[in-house]
Amino acid sequence: MTAWDIRLLLLPRQHPRSADDFVSCGFRLASLWIVLHNRCDRRGQPLVIAADSRLPRRNPVVGSLWFGHLEQLTCHKVVDDGQALKQLARGLRCRLVACGLLLFASGPLLHARDRPMPFYFHHQAWSTEDGLPQASVHALLQSGDGSLWVGTEAGLARFDGQSFRVLNHDGVPALASDDISSLAEDAAGDLWFGTVDGLVRKRGEAYRLFRTQDGLPSNEIVSVASRARELLVLTTGGLAAERGDHFEWVRTSARIVSVSNAADGLVAVDSRGTPYRWRSGRLVAQQAPQPEALPVLGAVVNDRRQEVWTYGSDFVHVVSPSQTRTWHTGTELPGSRVQALYADGQGRMWIGTNRGLVSAAPAAGFRFEPWDALRGESVLSIDQDREGDLWIGTEGSGLHALQPRKFAMDLGSGSETITAIVRNSSGRMDWGTRDDGVFQSGTTAVALARGRLLSPVVLSLAAGRQGDVWVGTPDGLNHIAGAKVQRWTVSEGLPDDFVRSVLVDADDTVWAGTRFGLAHIDKNTVHTFTLADGLGSNSIGPMLGLPAGTGTGGVLYVGTSNGLCVRSGRAFRCVSSGAQQGGSIITALGADHQGRVWAAVHEAGLALAGENALLPVHSAALPREILGILADQDGYLWLRSTRGLYRTRVNELRACLAGTLDGRNLQVDAYGRSDGMPSEEAVGAGSPTVAEGEDGELWFATRRGIAVTDPEHLRGVHVPPGIVLTQVFVDGASFAMDAPAEIGPGHQQFSFEYAGLSLNNAARIHYRYQLNGFDQHWVDAGTRRTAYYTNLPPGQYAFHVIAANGDGVWSRDEAVLRFRVRAPWYRKLWVYLLAGCVAIVGVLGLVQVRLRAEARRFALVLQERTRVAREMHDTLAQDLVSVSLQVEIATQHAKAGRLSDVLEPLAQTRSLVRQALESARQSIWNLRVHLSDASLPARLTARVKSFQDAATVTQLRIGGEYRSAAPEVENEVMRIASEAISNVEQHAGATEMLVSLEYGSQNLRLRVRDNGCGFHYAASRALPGHYGIRGLEERAAELRAELQVESALGHGTTVTLTVPLPEEDA
């Protein structure tokens, strides 16, 4: 049993937009009916009816008359009953007849739709000025990470959506030639670059060149294709297959001209157009060779549609189960040479020639249409990325992209500043401009009543029910009906010529809003409503009329500068605006499909018109200033702001008002120029600024033309973007990310540059990053592509970054860079331990120094006490002993009664007491002299002058250049000199004393010499109780000086002290 597979491939993906489309649909329907009719008598063989894609739900031309029936056939259904086939055929026959009748009856309607379709693609181009190494692009490939690789004649370029990174022989020596011919990526993620001088493999950041010595038939690569773990390389010398790190020739008698990747595996095509499958390491032919086939240069195999497309220098040929067809250059195709052929993910075929780019969809019967954006360009390569963008490489103008956008610009509006848009009763769109009057859509935009309007500045529009249109201007109201124009001004009864808004009511009467009241025009009668009639203000803004059957039928809503007013019947009532910020100026009105009225309040945002009050929607995501409100068929409310366009669900708005949804969680989609709008700005003085077209498209007025979108076309990009780290800078120097990630100490500034690989709309990519080890939370970077850090402390870090495309889809993986900041040598453990040891030793050293200082201080104190003790012993103590003896003698004489003998001891006692007092005074004077601030020579001179023995001749000699010594040195020298002089005074009995002080270059010499009785030096040192000589020696030792005492009995004494002095500075 064989199943017949009738696929509705010839049915259009969209409903008919022109008479040609309608006729084409009729013929296809007739063909299907013939097939079914011929099959009705062949019972027992099931009929499989299937459709290739779902038909659109809007069919305003023919409705469900025949499209609805065909929609029933879109599911796979097996029909094996002959009677059922007959019924199906009869049904199709009836609908075919009805289709023919409608073809003649719907001429005006089809004509109404005969206009240029919006171009939902954004065209952009890059050349050498933007970073391309060269302007001839021969190969294109999107790698697994989302980057676009561009092969030119001067090297490769890796594109991340905003900038190019160039790879050539200078930076990659493995690229023996910079002339790139083909690109491929295998299952392992390795990239293969075909050049005119070998094949290069990029594995990570390692590159390897393959040539004939590695098994390639030739070094000149024609094309490369990879599927799963297989890689085929076509060279000018033949075909080769990869085997590890080596290649093997593929032996075949056919001349292979193309290798490509198809859904069912690798495919090769020979010069006669015969396709070969790569199976188990060999080529398997899929059809018999065609002996008279045209010479083929390249091919594309579409497994899903069972089509083989081939092209030669001047033709494109397709072979499929349903058709065989050829197109030639110069007639069906532009230019004289075919250079590129590509099938995108939707089955559309793209052909590049030396004079432009053409494409065709299967649903249109492959009727090729040129793309004006590349008219005249020589197209060399074509590729489509995962987001649906089409990339085109040209011969002289670089890289081009056709990127799908959610919005298009109506071609008829040009760059005019649009103030108002309406749809007229014939289905055409009328729009008003700021400076050039009113236009109507069509094959080309047509100006209405040019030069006959009261003013070319259009403030408002309203469509009548007979194809007429009402135009409000600053100079009055105009009514255009065919070639006739009727004018209404203050002279005809309007309250003001400045007409801000116009509305045609269900009874064909007209309402006109002005600055001084609301005018109601009924034929030639004008009646004005003001505050006295219940309006909130005489300044009238937007108006909205709800006809009967909407739930609140026959109601007129009027926005004023003091709130919203409602007219039901013949009376007006005002709706309280509550405590709205910015006053109560109503800027826009709109109704959803359930009849609820939504109002925009100046600087207060959106509100729902309740029975007695406006209910504001509190959400920061909604715009504060709204100029237009429009509901679509999918339950969304569109809000036209002064800058940008917003969309949100009506159900979510109601949930916010009911309190079941937090306004912070309200989902609001924002659109702007990056989504294809010609401009984000809207002109404030215009009404209405939004309208719905006959086919469901939405029209929005902007400052630079009309933005058009189809809600069904508003698909988001659900492909998660890739994310890569492009560069890292440390103190302005580039950091090699492939090297061991270790950064030395002492660096201050760190910057991380990254790129989200969403090529469709790189300007809207959103980033978040976090530096583990420093940041506690993720940092929202917005669209900024660089993260900055300063003064990172030593430690381990990991920089993470993720990206989201313009539709909020976040990347699956994170780009991560792990690195370590080394600590400086002085912050390492051994340094800390060493520093601790040094600190401990230092503390101990300080303690020792302090102890030594205290010891020296104590020694000085002890020395001073010893000196005082010596002086007291040698003077005062001896005198007191003598006094005690004399007193004892006097006492004994007195007891014996020898009073005359008492006088002599008393006289002696008196003399001793005076001598003791003089010694005490001398000791006190010596202390003061030693502590004086005077110089040593001055103090020594004063001491010599104080010598008391009149029988002794004293001399003082001071020689050499005076050099100031440390105070403690001079004090000790002075004490030694004073002690020596005191010994001469008290013990020597000399008649002469010479004191000399000599300053030398390295020392100071003090000498005290007398001619007294002298003494035995060695014997005197050993006598107990004699401290004078010992004190001199101790003081000299403290000064590290040399002390010499020369004395002999009867020959006097000489005391010499030599004190070293520091050398003078040069």
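The values are calculated or read from the model by the stated rules, or taken from the named source; none is laboratory data. Predicted, not measured: the structure shown is a model, and the values here were computed from it. Reconstructed Cβ throughout: ideal geometry from the backbone, glycine too, with neighbour counts over all protein chains shown.
Observations on the structure shown:
- Where a residue in region 287-305 is of a type in the set (Asp, Glu) and its partner, wherever it lies, is modelled with pLDDT under 85 and in a loop (DSSP other than H, G, I, E, B), with Cβ under 6 Å and at least six apart: Asp303/Ala263; Asp303/Asp264
- Odd one out for Ala787, checked against (1) modelled with pLDDT under 90; (2) within 18 Å of the chain's Cα centre (by Cα): (1)
- Test for Val502: is it of a type in the set (Val, Ile, Thr), in contact (Cβ under 8 Å) with a residue 40 or more places away in the chain and part of a loop (DSSP other than H, G, I, E, B): no
Table: residues versus (1) crowded, with 23+ Cβ neighbours inside 10 Å; (2) of a type in the set (Phe, Trp, Tyr).
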position: Phe159; (1), (2): yes, yes
position: Asp179; (1), (2): no, no
position: Val200; (1), (2): yes, no
position: Val233; (1), (2): yes, no
position: Gly238; (1), (2): no, no
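- Condition check for Thr648: polar (S, T, N, Q) and crowded, with 19+ Cβ neighbours inside 10 Å: yes
- Against the conditions (1) at pLDDT below 85; (2) in contact with a Lys or Arg (Cβ under 8 Å, 6 or more places away or on another chain); (3) not in a loop (DSSP other than H, G, I, E, B), Glu1033 satisfies every one except (2).
- For region 985-1030, a residue qualifies if it is at pLDDT below 85, touching a strand residue (DSSP E or B) at 6+ places or on another chain (Cβ under 6 Å) and among the small types (Gly, Ala, Ser), and exactly one does: Ala988.
- Matching residues, region 419-448, being in a loop (DSSP other than H, G, I, E, B) and either modelled with pLDDT of 90 or more or of a type in the set (D, E, K, R) (or both): Asn424, Arg428, Arg434, Asp435, Asp436, Gly437
- Enumeration of residues in region 716-747 that are modelled with pLDDT under 80, surrounded by 12 or more Cβ atoms within 10 Å (Cβ to Cβ), over 22 Å from Tyr788 (Cβ atoms) and not small (Gly, Ala, Ser): Val717
- The conditions of being within 24 Å of His987 (Cβ to Cβ), in contact with a Leu (Cβ under 6 Å, 6 or more places away or on another chain), modelled with pLDDT of 70 or more and part of a helix (DSSP H, G or I) are not met by Ala907.
- Sole exception among (1) outside any strand (DSSP E or B); (2) surrounded by 13 or more Cβ atoms within 10 Å (Cβ to Cβ); (3) over 46 Å from the mean Cα position of the chain (by Cα) for Leu283, by number: (1)
- Contact map, region 157-181: residues that are without any contact (Cβ under 8 Å) to a residue 40 or more places away in the chain and farther than 19 Å from Val233 by Cβ paired with residues that are surrounded by 21 or more Cβ atoms within 10 Å (Cβ to Cβ) and aromatic (Phe, Trp, Tyr), Cβ distance under 8 Å, separation 6+ or inter-chain. Pairs shown: Ala157/Trp149; Arg158/Trp149.
- Some residue of region 195-206 being among the basic types (Lys, Arg) and touching a residue at least 24 places away in the same chain (Cβ under 8 Å): no
- Some residue of region 398-413 being outside any strand (DSSP E or B), outside the structural domain of Pro370 (by TED's automatic domain parsing) and farther than 21 Å from Asp710 by Cβ: no
- Checked against the criterion of being without any contact (Cβ under 8 Å) to a residue 60 or more places away in the chain and more than 13 Å from Val296 (Cβ to Cβ), the candidates Gly273, Gly265 yield just one match: Gly265.
- Scan of region 732-761 for residues that are farther than 29 Å from Asp669 by Cα and assigned to a strand (DSSP E or B), ordered by number: Ala733, Ser734, Phe735, Glu742, Ile743, Gln749, Phe750, Ser751, Phe752
- The single residue among Leu266, Leu294 that is in a strand (DSSP E or B) and either at negative phi or charged (D, E, K, R) (or both) turns out to be Leu266.
- Every condition in (1) of a type outside the set (S, T, N, Q); (2) more than 11 Å from the chain's Cα centre (by Cα); (3) outside any strand (DSSP E or B) holds for Phe729 except the one numbered (3).
- Checking the stated criteria, Thr530 turns out not to satisfy the condition of being more than 51 Å from the chain's Cα centre (by Cα), over 21 Å from Cys574 (Cα atoms) and among the polar types (S, T, N, Q).
- Selected residue (only one of Ile981, Ile958, Ile1029 is under 26 Å from Phe858 (Cα atoms), without any contact (Cβ under 8 Å) to a residue 60 or more places away in the chain and β-branched (Val, Ile, Thr)): Ile1029
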